[in-house]
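No lab work stands behind these numbers, since they all come straight from the coordinates. These numbers come from a predicted model, not from an experiment. We place every Cβ from the backbone using ideal geometry, glycine too, and count neighbours over all the protein chains shown.
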Amino acid sequence: MSEMGITVKKAEDFSEWYTQVVLRSELADYAPVKGCIIFRAYSYAMWEKIQDYFDERIKKTGHKNAYFPVFIPERFLKKEAEHFKGFVPECAWVTLGGDSELKEKLAVRPTSETIIYTMYKKWIKSWRDLPIKLNQWCNIVRWETKATKPFLRTKEFLWQEGHTAHASKEDADKEVMEILMIYKDLMENLLAIPVLVGRKTESEKFAGALYTTTLEALMPDGRALQMGTSHNLGQNFSKAFRIQFVGEDEREHYVWTTSWGISTRLIGALVMVHGDDEGLVLPPKVAPYQVVIVPIFYKEIERNLILSKAREVSEKLEENGIATILDDRAEYTPGWKFHEWELKGVPVRIEIGPRDVEKKQVVAARRDTFERVEVREEELVNAINELLKGIQDSLFNRAKRFLEDHIITVKTYDEFKKALRKGGGLIKACWCSNRGCEEKIKEETGATIRLVPFEREKLFSDCVYCGGQAKDVVFFARAY
């Protein structure tokens, strides 16, 4: 029992707590390849929930899924200089095919703009071919040199990447915001994680983009996590790859492109934001199992009666769309099972014992609050649905309160550094828009500008670093 439990408290050693929860809840394991992890079935089931949710929404807006090769010729990456410079340090290269040296080395996909836009040049001839709105679900390889952190920092991870081409900047701008709002809905409605949205600064934007929009969440250790990004790439890539079309005016134009992505780091965010000292706490909408049923009997003669009732309850819940697992393993005690499923974060546990069968009821326990309630059999489905909704809402509201309570407004650099020393958070400050001040703050404190709000906020001080005239209100934080 002690070997599978969490041995450190979340508030005392956040990093170790996170690693123990990920490994002991069987979300992931370290792979034999250094810097890589195994996505175990439990975490992959969550990723499938995220995939299904997002896939349904983008298909309703005219996007289609496709797949492009994992190998990208070096000359493709070099076509857009800023992009190439930004990604080369993270590229893994293939130089041999079998025993033969390749004539041109191939990058193992760090992102797919270049190979996709090579094909867009071939496919796009006329304004009638636009827009093209493709998405792919795939793996990405970036040669991280820092310590492996499951779901957050690994050499290989899973994501989706959307790539679209449009006839005008206005259409591309609309695409960027449409996807950003779908991401926001996914994070807040499915994952119960509140996010702030805005633009990245020039130094923090995606390499090769006209501008980058972002969704930022705050983790319990005071660090920000970039949850997803949506980029307007302007005409940078279309000019580099000569993606032109004949417009309705019968003249040639370069297309406007966008790209956008979310990754399996969202699973890491779920662990950090909602987990507690006992393990995972999963929002019902993304939980692989929403309910676990644990039968309890004290005498062998009671076994068949209670198991029969447990199966009946399980079938009823499943028939009504509630993902349920019946834990009828004879080799483990009910207490052991309680502990295991709490570690795995299943939102609701149903207990069925001899008295419950007699009283035609079950006992339901909430994972988020450990509150236990008696539920009459005839009220079972409605009551469990209400519990699940209550847990989903409660987790979001709790996370939102944390976010709001940890937005710290500062006017001076001393206040800025004091806020970081006290545990961080999202630091709201005025900035002169000078890149030099941004870089000095990053160099001296490790904090970066996470976002510039879309709607310009009223200035309340001079620049937090140099004391010069401020131009923007921005949010700083140390980040993953």
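Observations, loosely collected:
- Pairwise label distance in nanometres, Ala92 with Ser433, each label 7 Å out on the Cα-Cβ vector: 4.2 nm
- Across the cross-link table entries Lys174/Lys428; Lys78/Lys146; Lys9/Lys344; Lys285/Lys400; Lys59/Lys174; Lys149/Lys428, which are compared at the Cα atoms, the separations over 23 Å belong to Lys174/Lys428; Lys78/Lys146; Lys149/Lys428.
- By definition, a body whose alpha carbon gyration tensor gives a ≥ b ≥ c is oblate when a/c is 1.5 or more and a/b is not larger than b/c, and the stretch 1-160 fits this oblate description.
- All C-alpha to C-alpha distances of the chain, sorted into 20 Å bins beginning at zero, yield P(r) values of 21, 48, 26, 5, 0 percent in whole numbers.
- Alpha carbon Rg of the stretch 400-457, scaled by the compact-globule rule 2.2 N^0.38 Å: 1.13
- Gained length - Lys105 relative to Thr409, 0.36 nm times residue gap less alpha-carbon distance: 104.5 nm
- Translational diffusion of the stretch 198-242, estimated by Stokes-Einstein from the Kirkwood radius over alpha carbon pairs at 20 °C in a medium of 1.002 mPa s, is 183 µm² per second.
- Per-residue [θ]222 nm for the chain (sum of -39500 (n - 2.57) over DSSP H runs n ≥ 4, rounded to 500): -10500 deg cm²/dmol
- Sorted on the mean count of surrounding Cβ atoms within 10 Å across their residues, most packed first, peptides 328-338, 404-414 read 404-414, 328-338.
- Positive-end residue, the stretch 218-352 charge dipole about Cα centroid, Cβ charges, pick of Leu305, Val346, Pro334: Val346
- Calculated FRET value between Arg242 and Cys138, using beta carbons and R₀ = 35 Å, to 0.05: 0.85
- Order by protection proxy (mean Cβ within 10 Å, highest first), peptides 141-152, 416-427: 416-427, 141-152
- Within the same chain, aspartates and glutamates fewer than 8 places from Lys133 are excluded, and of the rest, those with a Cα less than 17 Å from its Cα are Asp55, Glu56, Glu113, Glu161, Glu170, Asp171, Asp173, Glu175, Glu178.
- At q = 0.09, 0.13 Å⁻¹, base-10 log of I(q)/I(0) for the stretch 354-461 (Debye sum, equal scatterers on each alpha carbon): -0.48, -0.66
- Of the GluC sites (Glu not before Pro) found in the stretch 438-469, the ones in coil according to DSSP and having at most 11 other Cβ atoms within 10 Å of their Cβ are Glu455.
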